[in-house]
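Following: one structure in structure tokens, then a few remarks.
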Amino acid sequence: MAKRETDYPHTISFRLTNEAWLSIHTEIGGSDQTPHEWCRYAVLEKLDNHYGLTKTERLLFQHLIRTQYLITQGFQMLADQNLTSEEWKKLRATVKHRASELADAALTSYAGKSSRES
């Protein structure tokens with residue numbers, strides 16, 4: 001048996017009704033997750049408090065949002081003929097420090113849209 005990369009010293013277990021068990025199977029249908037893995041990820045997602053993103057996913061999301069912000073602002077500055085080397089450097093430095101804030105704003109906006117649609 002191969003050793004896990006991460007050590008998980010604690011175990012949590014709980015009982016489910018047949019309906020809940022079937023709901024989990026329906027939810028994971030077509031994926032390679034087991035019901036136990038799905039439950040583990042669901043709990044960790046709840047604890048994560050970052051809209052269900054793992055740390056790696058959040059980092060990637062921040063880079064995506066930062067890139068989107070730079071592209072939209074860069075094209076706007078270009079269209080307004082305000083894009084200089086110094087302005088671009090300032091914009092890049094600013095967005096680098098605001099990546100987390102921009103990601104939070106994007107996720108909050110998405111959460112607001114999702115709740116209005118449901």
Determine the relative contact order of region 60-105: mean sequence separation of Cα pairs under 8 Å and six or more apart, normalised by residue count, in whole percent.
65 percent
Binning every alpha carbon pair distance of the chain at 5 Å from zero, what are the percents per bin?
2, 9, 12, 14, 14, 13, 11, 8, 6, 5, 4, 2, 1
Förster-model FRET efficiency, 22 Å R0, W21 and A111, C-beta, rounded to 0.05
0.15
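Rounded, prolate or oblate: which fits region 53-118, taking a ≥ b ≥ c as square roots of the Cα gyration tensor eigenvalues, rounded meaning a/c under 1.5, else prolate when a/b beats b/c? Each step should come with its number before you reach the end.
Values: a/c = 3.34, a/b = 1.73, b/c = 1.93.
Oblate, because a/c is 1.5 or more while a/b does not exceed b/c.
Normalised by the number of residues in the chain, what is the relative contact order in percent for Cα pairs under 8 Å and 6+ residues apart? Could you put the intermediate results ahead of the total?
Numbers: 36 pairs, mean separation 22.4, N = 118.
Computed over the chain, the figure is 19 percent.
Just so you know, all these numbers are worked out from the coordinates, no wet-lab data involved. Worth saying up front: this structure is predicted, and the values here are computed from it rather than measured. Methodologically, a virtual Cβ is constructed for each residue, glycine included, from the backbone with ideal geometry; neighbour enumeration extends over all protein chains shown.
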